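Encoded as structure tokens, the structure appears first; notes follow it.
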Amino acid sequence: MTLFSLARKNIKRNLKSYGLYVGSTIFSILIYFTFVTLQYNEEINAVSDTSQQISSVLNASSFVLIVFVSIFIVYSNSFFMKKRKKEVGLYSLLGSRKRSIGWLLFFENIMIGLFSLVIGMGLGILLSQLFLSLLLQFMGLELDIGFIFSPEAIVNTTLVFLLIFLATSLQGYRIVYRFKLVELFSASRKGEELPKTNYYFTVLGILTLTGAYWLALQDITSEVWGFIGLGTPLVIIGLTILGTYLTFSSVFVAILRVLRKRHTLVWKALHLWTVSQLLYRIKANAKTLTIISILSATTITAGGVVFSLYYNIDQYVEENTPFSFMWEGETEEMDDADVTFQESIQSKTIIDDQDVAEFEYNVINHTTFTQLAEELDWENIPSPSEGRALLINPFFNERLETEADSITYHDHSYELSDTITESILNVDTTGANTLVFTDQDYRELEAEERKFQAVQVSDDRNQLPLSQSLSSETENFSSAPQDYQDTIESTGITLFVSTFLGLVFLMATGSIIFFKVLTEAEEDKDKYTILHHIGVPKKDRNKTIRHQVGIVFLVPLTVGLIHSVIALIAFSGLLQINLVRPVTMWMLCYIVIYTLYYWFSVQKFKQTVL
Amino acid sequence: MMQSLVTVSQLSKTYGKGTNTFRALKDISFTIEHGGFVGIMGPSGSGKSTLLNVLATIDTPTAGDIHMEDTNIAAMKDQPLADFRRKNLGFIFQDYNLLDSLTVKENILLPLAIARNSVHQMKKKVQEITETFEIHTIMDKYPYEISGGQKQRTAACRALISDPKLLFADEPTGALDSKSATDLLERMQTLNQTNENTILMVTHDPFAASFCRRILFLEDGQLSKEIYRSNQSRRDFYQNILNELAEKSGSHHDTI
């Protein structure tokens with residue numbers, strides 16, 4: 001039996017017990033490989049107008065993935081090393097030189113890495129078609145791209161991951177030199193002291209976290225933002241991280257210590273034991289729990305925002321481009337079968353004399369307005385009165401702007417009777433701001449008149465070819481199908497990337513918690529045997545296992561969810577889109593996967609201790 | 001006179017720093033002859049585990065020397081120490097310390113594999129030693145598939161296969177039932193008598209200790225007494241040990 005065969009045996013065994021780690025690593029490699037393959041694929045790049053964007057989005061996310069995966073691998077490895085301390089000590093005791101042991105660990109790491117790399121890329125090649133069609137679906141492209149295979153992607157992935165594995169394997173090699181034999185065998189375990197409440201940190205924790213939340217919910221126009229300036233988001237993130245850490249290390253300890261004193265609650269079945277277990281665990285794992293909470297919050301927030309954008313594309317296009325086509329000038333020849341509405345619109349352009357910014361306004365008369373609004377199925381159609389005007393501004397944000405009272409043009413002042421935030425004309429053709437005058441006021445208005453065409457066609461999502469031919473023949477052309485296609489392409493690629501990044505994050509954090517639970521199970525084995533011996537029924541033991549494992553999953557998930565709810569409320573104010581439905585869907589997905597991990601961990605825990 | 005196998009002189013071990021120190025071993029000196037079977041007994045905290053760890057090169061002494069034949073192992077560096085352990089020392093622990101990923105056979109031949117013996121030689125040696133310990137029928141099983149007694153015999157085989165000059169046994173029967181314990185101790189006794197293997201065993205169990213030829217009693221980090229079996233039967237020696245312990249517990253509350 002050589003070093004090599006010993007390593008091979010260890011790997012065989014480890015693959016089974018560290019299956020989750022290997023699985024997560026393979027998945028990360030698979031996703032990275034997919035990103036890189038798509039990035040290198042010329043056909044996708046040639047087909048899409050947004051190719052520059054696709055490439056940069058993929059590039060950035062590959063980088064994020066690499067950073068994250070490196071951290072995950074380093075963390076998992078240090079966990080495995082701790083677990084194998086005794087084994088390493090034994091080799092040393094049997095007279096193996098440290099260098100040989102170091103090589104053994106190095107070799108094992110590299111082998112597992114290579115194995116994951118081969119499997120990950122193999123799966124990547126097999127599944128690339130699936131991922132590609134998913135991406136095309138997300139981007140609303142109907143294309144037939146043959147088998148994609150990119151040698152550059154293979155080289156890139158291999159190099160990047162070999163580097164990561166080499167670095168982490170060296171870490172394993174180095175660790176052997178830091179071991180002290182006696183530490184490995186001195187069985188005398190020091191009794192841990194029950195964590196004490198630190199009032200100062202508890203108060204500080206509550207203060208920082210509420211401070212962060214309060215700041216996040218402040219309006220961007222508020223004084224605080226003015227005071228701290230552009231650094232505000234950084235301050236919020238910093239406070240949140242600090243607050244979360246203090247919550248785990250101090251606030252929870254304080255709460256649990258208070259709980260322990262409530263005898264009626266705690267002196268029942270195994271509650272007493274469960275609570276003190278948690279006291280030790282949460283304090284000892286404060287750092288990990290913080291990382292997981294922050295990571296979950298980031299994933300949920302980013303995913304929520306991107307998913308919401310994607311979900312709201314229709315609304316966005318409708319706001320921006322209510323008519324299928326608009327252009328400036330005369331009518332064009334079109335197939336009558338498709339056209340459901342066509343109207344020539346007269347409009348005058350004026351500039352508000354009061355306004356320093358010289359905002360252009362596009363004026364239409366009441367008759368035209370009513371006609372257009374009816375076509376767009378508006379529910380109530382207001383009308384301007386003599387000497388007054390209606391302002392239509394779809395991008396009006398009451399948090400950022402104050403409502404104007406009046407418009408002055410050529411010494412004539414028009415009071416604004418109402419502000420409407422829906423679009424009546426395609427913004428890209430006419431500009432955002434439209435004023436509606438009474439027919440008489442419009443006639444009397446002395447300004448240059450322009451002529452626009454507004455066309456509504458049936459099934460306009462599929463009228464891209466028509467849109468393209470019109471586009472080349474007209475001026476100031478705007479088109480709903482083109483707008484829709486552009487938006488879905490750019491949002492689709494972001495959604496694709498963030499979905500898979502999110503999955504990788506989720507898997508990795510899930511694995512980290514799983515390892516934590518497994519370590520605890522090993523440590524608590526004796527305790528559960530004692531419980532068995534003193535006659536605690538299996539039902540109660542199962543229950544305390546569920547609680548013990550549940551808290552480790554539930555606490556960071558809940559904290560992460562709360563963080564992201566706050567962040568999303570802040571974002572929804574900023575982006576003016578409705579996030580509730582898409583975000584709820586996204587969060588439910590997250591919770592379901594987490595629950596699966598939880599269930600899996602409970603099973604494994606029971607297997608270990610019972 | 002023939003040179004002793006182990007000569008311990010003025011051995012001290014102090015834990016901690018500054019004012020918060022604890023002297024686990026205080027200037028201990030003794031020798032172990034070739035072919036000896038020495039037991040170390042003493043109450044908890046008397047320093048017996050520390051003494052074993054230091055002798056076994058698992059821990060380093062604060063002061064003093066440990067000579068094994070001509071080598072001072074207290075002053076050795078990391079790498080020569082590894083080589084020294086491989087060639088001269090064997091270990092048996094209370095909790096076996098077998099590797100779960102290897103079969104019984106592989107666990108046993110691990111020291112030989114580390115020493116890069118030839119496969120032929122390994123096979124031969126494994127065959128011999130497992131027959132002596134009567135575990136040759138379970139050679140392809142994994143540690144989790146066999147009983148505690150079988151595990152400890154496996155560990156003993158692993159400790160002895162490289163023919164160490166000195167075998168360390170730390171409470172080897174601590175986790176075994178009385179039948180398995182007796183079996184293991186008898187085998188160790190036979191090895192000691194027929195092969196002249198030198199054995200150093202730490203135990204708190206008078207029964208296990210009664211298999212030794214000589215017992216060192218440790219108290220507060222110092223040697224308090226030493227008794228020899230000489231020509232007594234095992235039963236008489238056992239009685240003798242019990243009397244010693246009873247005498248000690250007269251002056252101490254902390255019994256074995």
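The values are calculated or read from the model by the stated rules, or taken from the named source; none is laboratory data. Treat the numbers as computed from the prediction; the structure is a model and nothing was measured. A quick note on method: Cβ atoms are made from the backbone with ideal geometry, for glycine too, and the neighbour counts reach across all protein chains shown.
A few remarks follow.
- Here residue B:94 qualifies as in contact (Cβ under 8 Å) with a residue 40 or more places away in the chain and not in a strand (DSSP E or B).
- Test set (1) in contact with a helix residue (DSSP H, G or I) (Cβ under 6 Å, 6 or more places away or on another chain); (2) away from chain A (no Cβ under 11 Å) - residue B:71 fails condition number: (1)
- The residue list A:76, A:96, A:100 contains one member that is within 14 Å of chain B (Cβ to nearest Cβ), surrounded by fewer than 22 Cβ atoms within 10 Å (Cβ to Cβ) and among the polar types (S, T, N, Q), which is A:100.
- For the range A:7-19, a residue qualifies if it is at pLDDT 70 or above and more than 7 Å from chain B (Cβ to nearest Cβ), and the qualifying residues are A:7, A:8, A:11, A:12, A:18, A:19.
- Any pair with Cβ under 9 angstrom, 6 or more apart, that starts in the range B:107-128 at a residue that is in contact (Cβ under 8 Å) with a residue 12 or more places away in the chain and ends at one that is among the acidic types (Asp, Glu): B:125/B:163
- Against the numbered list (1) under 17 Å from the mean Cα position of the chain (by Cα); (2) part of a helix (DSSP H, G or I), residue A:577 comes up short only at (2).
- Test for residue B:134: is it surrounded by fewer than 20 Cβ atoms within 10 Å (Cβ to Cβ), at pLDDT 85 or above, away from chain A (no Cβ under 14 Å) and in a loop (DSSP other than H, G, I, E, B): yes
- If the condition is being hydroxyl-bearing (Ser, Thr, Tyr) and not in a helix (DSSP H, G or I), then the range B:141-186 contributes B:142, B:147, B:162, B:173.
- Some residue of the range A:135-148 being on the phi > 0 side of the Ramachandran plot and small (Gly, Ala, Ser): yes
- Residue check, residue B:140 more than 16 Å from the chain's Cα centre (by Cα), among the acidic types (Asp, Glu), facing another protein chain (nearest Cβ under 10 Å) and more than 20 Å from residue B:11 (Cα to Cα): no
- Answer residue from the range B:99-126, given it is under 14 Å from residue A:90 (Cα atoms) and assigned to a loop (DSSP other than H, G, I, E, B) and is nearest to the other protein chains (Cβ to nearest Cβ) among those: B:101
- Qualifying positions in the range B:1-25 - surrounded by fewer than 14 Cβ atoms within 10 Å (Cβ to Cβ) and outside any strand (DSSP E or B): B:1, B:2, B:3, B:16, B:17, B:18, B:19, B:20, B:21
- Residue that is farthest from the other protein chains (Cβ to nearest Cβ), among those in the range B:26-60 that are part of a loop (DSSP other than H, G, I, E, B) and hydroxyl-bearing (Ser, Thr, Tyr): B:46
- Considering the conditions (1) within 14 Å of chain B (Cβ to nearest Cβ); (2) under 25 Å from residue A:514 (Cα atoms); (3) crowded, with 18+ Cβ neighbours inside 10 Å, residue A:83 is excluded by exactly one of them, (3).
- Among (1) within 27 Å of residue B:227 (Cβ to Cβ); (2) modelled with pLDDT of 85 or more; (3) within 14 Å of another protein chain (Cβ to nearest Cβ) - the single one residue B:85 does not satisfy: (1)
- Those residues of the range A:522-551 which are modelled with pLDDT of 85 or more and among the hydrophobic types (A, V, I, L, M, F, W, C), in sequence order: A:545, A:549
- Annotation note: of B:114, B:73, the sole residue that is buried (at least 20 other Cβ atoms within 10 Å of the Cβ), of a type in the set (A, V, I, L, M) and farther than 26 Å from residue B:51 by Cα is B:114.
- Candidates B:37, B:93, B:30, B:84 - the one that is over 21 Å from residue B:215 (Cα atoms) and aromatic (Phe, Trp, Tyr): B:84
- Selection from the range A:474-529 of residues that are among the β-branched types (Val, Ile, Thr), farther than 24 Å from residue A:143 by Cβ and either under 25 Å from the mean Cα position of the chain (by Cα) or in a helix (DSSP H, G or I) (or both): A:504, A:509, A:512, A:513, A:517, A:519, A:529
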